[in-house]
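Input: a single structure, listed below in C-alpha cells.
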Protein chains: 2
Amino acid sequence: MSPCPRIVALDVRDVRFPTSDHLDGSDAMNPEPDYSAAYVVLRTDAGDGLEGHALAFTTGRGNDVQANAIAALAPFVVGRPVAEVCGDLGGFARRLVHDPQLRWLGPEKGVIHMATGAVVNAAWDLAAKRAGKPVWRFLSDMSPAEIVAQVDFRWISDALTADEALGILSRARAGRDERIALLLDSGYPAYTTTPGWLGYSDEKLARLAREAVDDGFGHIKLKVGASLEDDVRRIRAVREAVGAGVRIAVDANQRWDVQPAIDWMRELAPYDPYWIEEPTSPDDILGHATVREALRPIKVATGEHVANRVVFKQLLQAGSIDIVQVDAARVGGINENIAILLLAAKFGVPVCPHAGGVGLCEMVQHLSMFDFVAVSATMQDRVIEYVDHLHEHFLDPVRVSRGRYAAPTAPGLSAQMHPASLAEYTYPGGPAWAGRT
Amino acid sequence: MSPCPRIVALDVRDVRFPTSDHLDGSDAMNPEPDYSAAYVVLRTDAGDGLEGHALAFTTGRGNDVQANAIAALAPFVVGRPVAEVCGDLGGFARRLVHDPQLRWLGPEKGVIHMATGAVVNAAWDLAAKRAGKPVWRFLSDMSPAEIVAQVDFRWISDALTADEALGILSRARAGRDERIALLLDSGYPAYTTTPGWLGYSDEKLARLAREAVDDGFGHIKLKVGASLEDDVRRIRAVREAVGAGVRIAVDANQRWDVQPAIDWMRELAPYDPYWIEEPTSPDDILGHATVREALRPIKVATGEHVANRVVFKQLLQAGSIDIVQVDAARVGGINENIAILLLAAKFGVPVCPHAGGVGLCEMVQHLSMFDFVAVSATMQDRVIEYVDHLHEHFLDPVRVSRGRYAAPTAPGLSAQMHPASLAEYTYPGGPAWAGRT
C-alpha cells in the first residue's frame, strides 16, 4: 500500500453493441442506433483493488471521437493523489471544466463536456467504492454544506444561489432516515419505453404495452414523429390496450419545428398523452415555452440532449417544461447534475430521468434516489425511465420489478461492466464485430 | 483527368502556434492561449491542382480532439464525386449534420459541429476555386433561390421561413452591382482588438490605441473582466488616449454571471463603452436579455461561442443582443452562417463578425462581404474584427489598411496556409515545438 496512493492510469475503451440488427432503440431521429459506451477506468496504486468506472453513451459512429476526448483528459487525472480527487470532487470537476484551453471546445457542451462527465463520474464511482456505499447513499450522507460544495454556481446564480441551495438541502433533512428506509424497502417508481420503439408493429406494440401494465408499470412511453397517420393509429392501439388509467408519454426525439410540434400533438391529444418529450431542438428554450403554452394540459419534457445547467436554468426560468429529464452521461457528471436537481427543486418541477442506452439506467437511478432523500424529498409524479436492454453486461445491474427500481446496495455508481463484455464488444476488434466492419 | 473526378482524401493536421509565449491573445477566460488550427484538406483526382482547405480554430489543448473529430467525417466525403459535393453544398452539409449516429455527439454543437463546419468550409473553398471566384463573390453570384437551397431551416422556421428568406434575398438584388463595385474599390470597415489584450501594460495599451486611431480605425476593443479596478483604469486611459469620437468596445469573454455583468459594466459606463461582448455564458439567452435591458444604451454582443442557428434565433427573438458576432469556424460552416445572416437581416440586427485566432479573419471577411452584397445590403454599424496575428502563414492573407478590409480576389475561402508553415507548426512534431513538449 502506497503511503499516498495516486491515480496511475485513465484507460479508455470503445465498446459498441450492434443493436441496429434489430429495431430495439429505433426512433424518429435515431433509426439505427448501435448503443455504445466510451468506457473509462481510473486505476490507482492504493492496492485495495478499487477502480473508478463510468462511461459516455453514444449511438455508434463517433464513439471513437468520444473515447479520444476522454483520453485527452488523462493529464488532469493521472498522477493526482486519490485522497485529493475523492476528497474534493467539486474542485476536481471544476478544474476539468474550467481548463482555459479545453473549454474552447465547448464551452461546457458536446463531446468535451460528455468526456468531462465520464471522467468525473468515474471519480465518483471510485470515491463511493472507497466509502463502501452506493453513490445515491454516499451523496445522501453528505451534509448540506458538503453537497453545496460540489456545485459550480457560475452562470446560474441569477436563478439559484449557494445560500438558496443550502436552504433547500437543509429543509430536506427532515424525514431523511424514513425516506432512506422507504427506498431500501420498496424502491423508486419506473416507467418503461420497452414497448414503444418505432420499428415495432402495432400488434407487437399493443402486446408489449399490455404486458408492461400487467408487469406493474403505470406509465409507458411511445416513440412518435415519423408519420402522423402511423402515430395516431399507434397511440390509439396502445390506449385501447392499456385503458384510461395508464400514463402514455410520447417522445418525438427532436423531430419537429415549433408549429409542427403543436399541430402534430393536437392530433394525438384525444388519446390523452401524458407528456410530449423532445418536441423540438434541445437548445430551443423559447420554442419549448411556445409548445407548452399551446398544448396544456399535455406536459412538455426534455433533457437527454440538454447540454448543461445553463440551458436547464433557462428552461425553468422561461416555464418551458413540466418535466426535467436529467441524463447521467450528457452533462459534466454528477456535480453538474446536482446543480440541475437543485434548480428543479427551486422551481418545483419534477425530475424524471432519461435512461436506456447502455448503462444509463444503472447510473441515473442514483441521482433520482439522492433527489428523493436529500433534495426534492418527494416521489410525487417522478419516475425513472427503464428500458430492458443490455443490463446483463453490468456487474451490478438495475433490478426493476413490479414497475419499481430497487435501491442499489453495492458500492459505487453501478456502471462497471463485466470484463468479458468489454472484450466481446470492443470496437472494432472484439469478436462481436468480427466480419462486420 | 478523370471523367468523374472524386474526392480522394480528407487530410487533417494538428497545427499549433506557441502564442502563449507572449500575452498576445490573453483575456479573462483565456489567459494563455496557443492559437491552433485543426486543419483539413480535401484532395481530388480531378487533375486540376485544386484542393479544399479550411480549419477549425482552438486555443491549444484539445486541438488533437478536434482534428480527430474532423478525421471521423472522412467516410462522408472520401469517394464522393466532386461535382455532386460542389454542386449541392446544401445537401452535402445536411448529410453531415443529420447523420443519425454522429448527431448524438452534439446535436449541432461543440467538437462534432466544429468538425462539420471545417469540412463544409473546405468543400466551399474547393467549389469556389473551381468557379474561379473568392467565396464572397461565389456566394453573391448565386440566385436568391440557390442561396435559400444552402440553408437548413429545421428548427428555425418559427422565426424565418424559406419564403421569407427568399424575400430578403430578392429585395437585396437592387443595387447589387454597385455594392460589388464599392467593395472592390474601398473594402469593408474593420475594428481592431490588437491594442486591448489583458496582458498589456496601461502604457502599451494607450500607445497601441492611439496608433490604431492614427492608422484609420474608428473602433477598437479592450478585454475586461479580470479586475474591476484595472478595467476602470484601463478604459479611462484608452478613452483619454483616443478622445470621444472613437468607439471603444469591451469584451468580458463570458467571465460574469448576470447581475455581476450589470454591476461591473455600470462602473465602466462613464467611459462610454460601445458594446459589451460576451458578458456571460454564450448559452444564456435570457441572461443576455436581462443584461441588455439593464445596460441600455450600451450594446450587447455575442456569437463566437454561440453553438448554432437555434441559439442565434433565440438571441434575436428574445431581444438579447444588439450585435450578431458570427464566427467562421464555430457553427456548421458557411451554410449555417448563411442562415444566421438571414436571421440577423430578418430581425434588423447588424452582423459584426468575431475574428482573430488563426485564419478567422481570412475566412469571415467573405461572410460580411456576402452579407453586404446579397443579404443586409448595408454596412451601417457593421465592422469585421481585425487582429494582426499570424496572417503571414496564409497564401491569401487579409489586407487591412486605413481601418478597412480589402475585398479578396483570389479564388476560394482564403484559409489555405503555406506548406512551410504547416510543417513548422505541426504539433507535436514540427520544429517550432522541438524541446517544448
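The values are calculated or read from the model by the stated rules, or taken from the named source; none is laboratory data. Computed from a prediction, not measured in an experiment: that's the story for all the values here. Note: ideal-geometry Cβ built from the backbone for every residue, glycine included; neighbour counts use all protein chains shown.
Could you tell me which numbered condition B:PHE394 fails, if it satisfies all but one of (1) buried (at least 21 other Cβ atoms within 10 Å of the Cβ); (2) under 24 Å from B:SER140 (Cβ atoms)?
Here B:PHE394 meets the rest and fails (1).
Looking only at segment A:196-214, which residues are among the hydrophobic types (A, V, I, L, M, F, W, C) and in a loop (DSSP other than H, G, I, E, B)?
Of segment A:196-214, the ones among the hydrophobic types (A, V, I, L, M, F, W, C) are A:197-198, A:205-206, A:208-209, A:212-213.
Matches in segment A:196-214: A:TRP197, A:LEU198.
Kindly list, by first and then second residue, each pair from a residue in segment A:9-22 that is in a loop (DSSP other than H, G, I, E, B) to a residue that is of a type in the set (D, E, K, R), limited to pairs with Cβ atoms under 7 Å and residues at least 6 apart or on different chains.
A:PHE17/A:ASP34; A:PRO18/A:ASP34; A:PRO18/A:ARG436
Looking for whichever is surrounded by fewer than 24 Cβ atoms within 10 Å (Cβ to Cβ) and without any contact (Cβ under 8 Å) to a residue 12 or more places away in the chain here; the options are B:ASP152, B:ASP141. Which one fits? Even if it seems obvious, please write down each step before you answer.
On the way: B:ASP152 fails: without any contact (Cβ under 8 Å) to a residue 12 or more places away in the chain.
None of the others qualify; the one that does is B:ASP141.
Given the options B:ALA294, B:ALA301, name the one that is surrounded by fewer than 24 Cβ atoms within 10 Å (Cβ to Cβ) and in the same structural domain as B:GLU385 (by TED's automatic domain parsing). Steps first, please.
Details: B:ALA301 fails: surrounded by fewer than 24 Cβ atoms within 10 Å (Cβ to Cβ).
The unique qualifying residue is B:ALA294.
I need a count of the residues in segment A:317-339 that are more than 25 Å from A:ALA415 (Cα to Cα) and either at the interface with chain B (Cβ under 10 Å from one of its Cβ atoms) or more than 22 Å from the chain's Cα centre (by Cα) (or both).
Number of matching residues: 2.
Can you go through A:ALA209, A:ALA249 and tell me which one is of a type in the set (A, V, I, L, M, F, W, C), closer than 19 Å to A:HIS22 by Cα and under 26 Å from the mean Cα position of the chain (by Cα)?
A:ALA209
Can you name the condition, by its number, that A:ILE156 falls short on among (1) under 20 Å from the mean Cα position of the chain (by Cα); (2) within 10 Å of another protein chain (Cβ to nearest Cβ); (3) of a type in the set (Val, Ile, Thr)?
(1)
Please enumerate the residues belonging to segment A:93-115 that are more than 7 Å from chain B (Cβ to nearest Cβ), surrounded by fewer than 24 Cβ atoms within 10 Å (Cβ to Cβ) and not in a helix (DSSP H, G or I).
A:HIS98 - this is the single residue of segment A:93-115 that is more than 7 Å from chain B (Cβ to nearest Cβ), surrounded by fewer than 24 Cβ atoms within 10 Å (Cβ to Cβ) and not in a helix (DSSP H, G or I).
Output yes when any residue across segment B:19-33 is under 22 Å from B:ALA423 (Cα atoms), within 14 Å of chain A (Cβ to nearest Cβ) and under 18 Å from the mean Cα position of the chain (by Cα), and no when none is.
Looking for residues that are under 22 Å from B:ALA423 (Cα atoms), within 14 Å of chain A (Cβ to nearest Cβ) and under 18 Å from the mean Cα position of the chain (by Cα), one finds at least one in segment B:19-33, hence yes.
Look through segment B:262-289, keep the residues that are among the aliphatic types (A, V, I, L, M) and closer than 19 Å to B:VAL324 by Cα, and return whichever of them is farthest from the other protein chains (Cβ to nearest Cβ). Steps first, please.
Applying the first criterion (among the aliphatic types (A, V, I, L, M)) to segment B:262-289 yields B:262, B:265, B:268-269, B:276, B:285-286, B:289.
Subsequent filtering for residues that are closer than 19 Å to B:VAL324 by Cα retains B:276, B:285-286, B:289.
Numbers: B:ILE276: 16, B:ILE285: 6, B:LEU286: 5, B:ALA289: 10 Å.
This residue is B:ILE276.
Test A:LEU10 against the stated conditions and say whether it is touching a Leu at 6+ places or on another chain (Cβ under 7 Å) and more than 10 Å from every other protein chain (Cβ to nearest Cβ).
On the way: touching a Leu at 6+ places or on another chain (Cβ under 7 Å): yes; more than 10 Å from every other protein chain (Cβ to nearest Cβ): yes.
Against the criterion (touching a Leu at 6+ places or on another chain (Cβ under 7 Å) and more than 10 Å from every other protein chain (Cβ to nearest Cβ)), A:LEU10 qualifies.
Please verify whether segment A:63-75 includes one or more residues that are at pLDDT 95 or above and more than 12 Å from every other protein chain (Cβ to nearest Cβ). Spell out how you get there, then give the answer.
Restricting attention to segment A:63-75, the residues satisfying the condition of being at pLDDT 95 or above are A:63-75.
Now restrict to residues that are more than 12 Å from every other protein chain (Cβ to nearest Cβ): none.
There is no residue in segment A:63-75 that is at pLDDT 95 or above and more than 12 Å from every other protein chain (Cβ to nearest Cβ).
Could we say that B:VAL246 is farther than 25 Å from A:ASP99 by Cβ, surrounded by fewer than 22 Cβ atoms within 10 Å (Cβ to Cβ) and of a type in the set (A, V, I, L, M, F, W, C) here? Working first, answer last.
Numbers: farther than 25 Å from A:ASP99 by Cβ: yes; surrounded by fewer than 22 Cβ atoms within 10 Å (Cβ to Cβ): yes; of a type in the set (A, V, I, L, M, F, W, C): yes.
Here the answer is yes, as B:VAL246 does meet what is asked.
Inside segment B:186-211, can you point out the residues that are within 21 Å of B:VAL364 (Cα to Cα) and modelled with pLDDT of 95 or more?
Across segment B:186-211, the qualifying residues are B:SER186, B:GLY187, B:TYR188, B:PRO189, B:ALA190, B:TYR191, B:THR192.
Any idea how many residues of segment B:62-76 are more than 11 Å from A:ASN68 (Cα to Cα) and in a helix (DSSP H, G or I)?
Number of matching residues: 6.
Restricting to segment A:385-405, count the residues that are part of a strand (DSSP E or B) and without any contact (Cβ under 8 Å) to a residue 60 or more places away in the chain.
Keep residues of segment A:385-405 that are part of a strand (DSSP E or B), which gives A:385-386, A:394, A:400-401, A:404-405.
Still in the running and without any contact (Cβ under 8 Å) to a residue 60 or more places away in the chain: A:394.
Final tally of qualifying residues: 1.
Out of all the residues in segment B:159-171, is one or more outside any helix (DSSP H, G or I), of a type outside the set (Asp, Glu), out of contact with any helix residue (DSSP H, G or I) (no Cβ under 8 Å at 6 or more places or on another chain) and not assigned by TED's automatic domain parsing to the domain that holds B:ALA339?
Applying the first criterion (outside any helix (DSSP H, G or I)) to segment B:159-171 yields B:159-161.
Adding the requirement that they be of a type outside the set (Asp, Glu) leaves B:159-161.
From what is left, the residues that are out of contact with any helix residue (DSSP H, G or I) (no Cβ under 8 Å at 6 or more places or on another chain) are B:161.
Okay, now just the ones that are also not assigned by TED's automatic domain parsing to the domain that holds B:ALA339, so B:161.
Yes, segment B:159-171 has at least one match.
Give the number of residues within segment B:44-62 that are more than 9 Å from every other protein chain (Cβ to nearest Cβ), touching a strand residue (DSSP E or B) at 6+ places or on another chain (Cβ under 7 Å) and small (Gly, Ala, Ser).
Matching residues across segment B:44-62 total 3.
Looking at B:GLU146, B:GLU178, which one is more than 21 Å from B:ASP381 (Cα to Cα) and either assigned to a helix (DSSP H, G or I) or assigned by TED's automatic domain parsing to the domain that holds B:ILE323 (or both)?
Values: B:GLU178 fails: more than 21 Å from B:ASP381 (Cα to Cα).
The unique qualifying residue is B:GLU146.
Filter segment A:215-227 for residues that are part of a loop (DSSP other than H, G, I, E, B) and touching a residue at least 24 places away in the same chain (Cβ under 8 Å); which is surrounded by the most Cβ atoms within 10 Å (Cβ to Cβ)?
Let us first name the residues in segment A:215-227 that are part of a loop (DSSP other than H, G, I, E, B), namely A:215-218, A:224-227.
Remaining after also requiring touching a residue at least 24 places away in the same chain (Cβ under 8 Å): A:215-218, A:224-226.
Details: A:ASP215: 14, A:GLY216: 14, A:PHE217: 26, A:GLY218: 15, A:VAL224: 30, A:GLY225: 24, A:ALA226: 17.
The residue in question is A:VAL224.
Which of the residues that make up segment B:116-145 are within 14 Å of chain A (Cβ to nearest Cβ) and either touching a Lys or Arg at 6+ places or on another chain (Cβ under 9 Å) or of a type in the set (Gly, Ala, Ser) (or both)? So that I can check it myself, show each step before the final result.
Initial filter on segment B:116-145 (within 14 Å of chain A (Cβ to nearest Cβ)): B:116-119.
Selection gives B:GLY117, B:ALA118.
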